[in-house]
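The values are calculated or read from the model by the stated rules, or taken from the named source; none is laboratory data. Small disclaimer: the values here were computed from a predicted structure and weren't measured. Note that we place each Cβ from the backbone using ideal geometry, even for glycine, and neighbour counts take in every protein chain shown.
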Amino acid sequence: MKKVLVMGGEALKNHAKGPVTKHVLKQISDHPPPEDIRTIPRIIEDRCIMCGTCVKVCPSHCLEMEKDDKENGMIWLLKPQCMWCGHCQTYCPVDAIHIDRDPNLSVSLFSFNVRQDYEMLVAKGSYKGDVADKKLQELIDEGGKKIKEIDEFRGA
Amino acid sequence: MTEQYRSRFRTLTDGSDSPPGADHHIFIGPQHPWAEEPAHFIIHLKGERVVEADIRIGFNLRGIEKAMENRTWRQNTMLVPRACGICSAVHQNVYVRVVEKLAGVEDQISERARLIRMFSLEAERVHSHILWYGILAHDAGFDTMLHISWRDREIIMDIVEDFSGNRVNPALMLPGGVKRDIPKDKADKARPMLNKLIKQVEYHKKVFTEEASIRNRLENVGVLTKDDAKITTPNGPTGRGSGLPFDMRKSFPYELYDKIDWNLVCYNEGDILATTLVRIDETLESLQMCNQILDQLESTQGELLARVKPRVPEGSYMARGEAPRGEDIHYGIANGTDKPERYKIRAPSLGNIDATLKRMDGEYVADMPVILRSYDPCFSCTNRVMLINEVTGEKIIMNQDEFARKAIKAKRYNRPFF
């Protein structure tokens, strides 16, 4: 049986209600991401045993690691390459990684720049302190150079 | 090959190869406002009626299968769902079943893990179908339905996000089980939302069957009769709308689909309205199954993740699953290392192309958008086969018989394939 204006009631109701996307118009920082959202990995430094499982299972090769034979070393993350899959959390043998809600996520996503590309996740033993910062600075400079080359190639 | 079969891959350079009687040719795509997906349609017209339609695909070959050979089985678990944007969970599910069979652990998967996998699959079917009939209404010029259905789709998206941490790509499955549990408080939160969505989908069904403006666009348009369907072999909802009651979940039950009450939806009319109603009824069926799964989860216990070694022993296995668009086939070959030797994906849209082209014969050109949309085209996950001669740059598209004959000859007489 064919009728016309079947959706008339719905249309009137919606007209009275106003737009559904009202809340989106507010500031992004007012809306924290939901509780269990998967985000970038963060490592609990006391628990990490530097086994390197997370580096091996990472599908996008965004985790990198450097260590000596005394289990001293550091793990860092190439932020834009991470796809938030949570493999590292699943396969971590000592439950040292958590990927749940990062309170600053929505802010950090929208203030994105080259300096933040590399993030140190954990540093152990002789890699702590100034040495770790220096290593990270080297990586950042290297990455910055690459991005500069790409920009020059594009003619920017 | 029957007589009704004809090659759909004509070359149209100067119009000399066009079908007899056609006086106009319309080219759609690969980039066109209608199509979100890259495909090239050539529609041959006589007046306002379609004489014949051709399709070219292959504009977006992303090389996922090749990329899989360079990654380990564990890493590929996250690459496989990227084969398709919407039906990501079913690709992952079929892949995971291939790995489990090869590793020989398919008996160790607990019932609870299987139930959570099924919830993920059914939730995906729900949001894929709602998305599809929203876009269909948009193509038919009924944008109110697009907005209403996509607004209600957010309910299931919120549930999926709550359970898995991601909206469209839940990625819950792993070889050996699932990543996350569905605890009781989350299930209790989801139940009223599911019931609300059932009411909304029933309202959508009422609109599609009663509202004259949408029904006139869909009824008796693009009829694919049962006999035509048997020749062109569509799968999934396209086949079920034409009276082919074939569903992978009923025919070859995987996971726990044989232990849950659900009905196979099948319509015999064969027009676009029947295809739409198949999908709406399936949405209701899937929502009912989601409720059942949540009830069963309360009384089922078990380990979520069984141990699977990173090295997979030698062998090969083919697994199939029912994607929202049809039948999804995966074939994997393992060589004893932690990386696959070869992996092949056959996405469902490929099987429906011929049936859809058959649908267009004799229709008005104004009905083309609706008919082209009718099988839920998803070409980026379909583009798999392209034979290119590296030396001459020659491209060859063959039918199955030619391909098989040539391959057998090349193997037997040790000849090059081309």
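The rows are residues; the columns are (1) out of contact with any Leu (no Cβ under 7 Å at 6 or more places or on another chain); (2) farther than 30 Å from B:Glu219 by Cβ; (3) free of Cβ contacts under 8 Å to residues at least 24 places away in the same chain.
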site: B:Asp143; (1), (2), (3): yes, no, yes
site: B:Glu154; (1), (2), (3): yes, no, yes
site: B:Pro175; (1), (2), (3): yes, yes, no
site: B:Lys179; (1), (2), (3): no, yes, no
site: B:Ala187; (1), (2), (3): no, yes, no
site: B:Leu194; (1), (2), (3): no, yes, no
So is B:Thr225 surrounded by 18 or more Cβ atoms within 10 Å (Cβ to Cβ) and at pLDDT 90 or above or not? no
Of the residues in the stretch B:119-141, those that are in contact (Cβ under 8 Å) with a residue 12 or more places away in the chain, away from chain A (no Cβ under 12 Å) and more than 22 Å from B:Glu255 (Cβ to Cβ) number 10
Please identify the pairs in which a residue from the stretch B:67-81 that is at the interface with chain A (Cβ under 10 Å from one of its Cβ atoms) and touching a residue at least 60 places away in the same chain (Cβ under 8 Å) has its Cβ atom under 6 Å from the Cβ atom of a residue that is small (Gly, Ala, Ser) and part of a helix (DSSP H, G or I), counting only partners at least 6 apart or on another chain. B:Pro81/B:Ser88
Restricted to the stretch B:184-219 and to residues being more than 10 Å from chain A (Cβ to nearest Cβ) and within 30 Å of B:Val105 (Cα to Cα), the residue nearest to the chain's Cα centre (by Cα) is B:Ala187
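Please verify whether the stretch A:62-73 includes one or more residues that are within 14 Å of chain B (Cβ to nearest Cβ) and modelled with pLDDT of 80 or more. Spell out how you get there, then give the answer.
We begin by selecting, within the stretch A:62-73, every residue within 14 Å of chain B (Cβ to nearest Cβ); these are A:62-63.
Now restrict to residues that are modelled with pLDDT of 80 or more: A:62-63.
The answer is yes, given that some residue of the stretch A:62-73 is within 14 Å of chain B (Cβ to nearest Cβ) and modelled with pLDDT of 80 or more.
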